[in-house]
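Chemist: I'd like to ask you about the structure that follows.
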Amino acid sequence: METHEHVPKMLEPIGRVLRRHPKVNLQLNRALAPFENSAKVLMFSCNMCGQCLLHENGYTCLMNCPKQLRNGPCGGVRMNGHCEVKPEMECVWLKAERRSRLLPGRHLFLRIHPPLDWRRKGSSAILNAVAGWPGDSKANGKE
């Protein structure tokens, strides 16, 4: 995945500051994460993993999957499209695929994503995106 592909160019200087000054990033996270959390939980049942892919998955939070699978459904999806772990729940991946068909960026649904960086859970996905995605060279301080 190309670094910062979701972030407007005008925010790159802010990203550099966030990467160079972790304390600033931490303080901004403390200030912004509660507001981001409130909005995302109400609208998308978000679990605040800090590495949001809502825009790529039909605005469906994949972390609602009981197995928290990030790159596709497990092999246990029932014939009726429901989850093998929670039979009363529709498979999150089937819901995401159905919803992503209606969006302009539907090709993004097919991407493979790096594993979650669990240290970012509860933090602001917006700040994390501006600072650089976990797993890329800028996020790991290797500029």
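Chemist: Remind me, relative contact order of the chain in percent, using alpha carbon pairs under 8 angstrom and six or more residues apart?
Modeler: Once divided by the residue count of the chain, the mean separation gives 36 percent.
Chemist: Work out the count of Lys pairs in the range 3-121 where the Cα-Cα distance is under 27 Å, with the pair 8 or more places apart or on different chains.
Modeler: 15
Chemist: Relative contact order of the range 53-112: what whole-number percent is it, with Cα pairs under 8 angstrom and at least 6 residues apart?
Modeler: 43 percent
Chemist: Out of the GluC sites (Glu not before Pro) in the range 1-79, which ones are loop residues according to DSSP with at most 10 other C-beta atoms within 10 Å?
Modeler: Listed in order of number, the matching sites are E2, E5.
Chemist: List the residues, sorted by chain then number, that are 5 or more residues from S123 or on another chain and whose placed amide H is less than 5 Å from its amide H.
Modeler: G50
Chemist: Sketch the reach of a paramagnetic label on K67 as a point 7 Å from Cα along Cα-to-Cβ, and name the residues of the range 86-128 whose backbone nitrogen lies under 12 Å away.
Modeler: Under cut-off, by backbone N: 86, 92-93.
Chemist: Next up: Can you pull out the trypsin sites (Lys or Arg not before Pro) in the range 41-138 that DSSP calls coil and that have at most 14 other Cβ atoms within 10 Å?
Modeler: Loop-located and lightly packed - K67, R78, R101, R111, K121.
Chemist: Please quote Rg/Rh for the range 1-74 to two decimal places, taking the Kirkwood radius as Rh and restricting both calculations to Cα atoms.
Modeler: Dividing the radius of gyration by the Kirkwood radius yields 1.01.
Chemist: Can you give me the pair-distance distribution of the range 1-138, C-alpha pairs, 5 Å bins, whole percents?
Modeler: Bins of 5 Å from zero give 2, 10, 18, 21, 21, 14, 8, 4, 2, 1, 0 percent of pairs.
Chemist: Rounded to two decimals, what ratio of Rg to Rh does the range 1-44 give with C-alpha atoms and a Kirkwood Rh?
Modeler: 1.05
Chemist: Report the semi-axes of the equivalent ellipsoid for the range 32-108 in whole Å, largest first, where each axis is √(5λ) for an eigenvalue λ of the Cα gyration tensor.
Modeler: 22, 15, 10
Here, each number is a calculation from the coordinates, and none is a lab measurement. Every value quoted in this text rests on a predicted model; they were computed, and no experiment measured them. Positions of Cβ are generated from backbone atoms using ideal geometry, with glycine treated the same way; all protein chains shown enter the neighbour counts.
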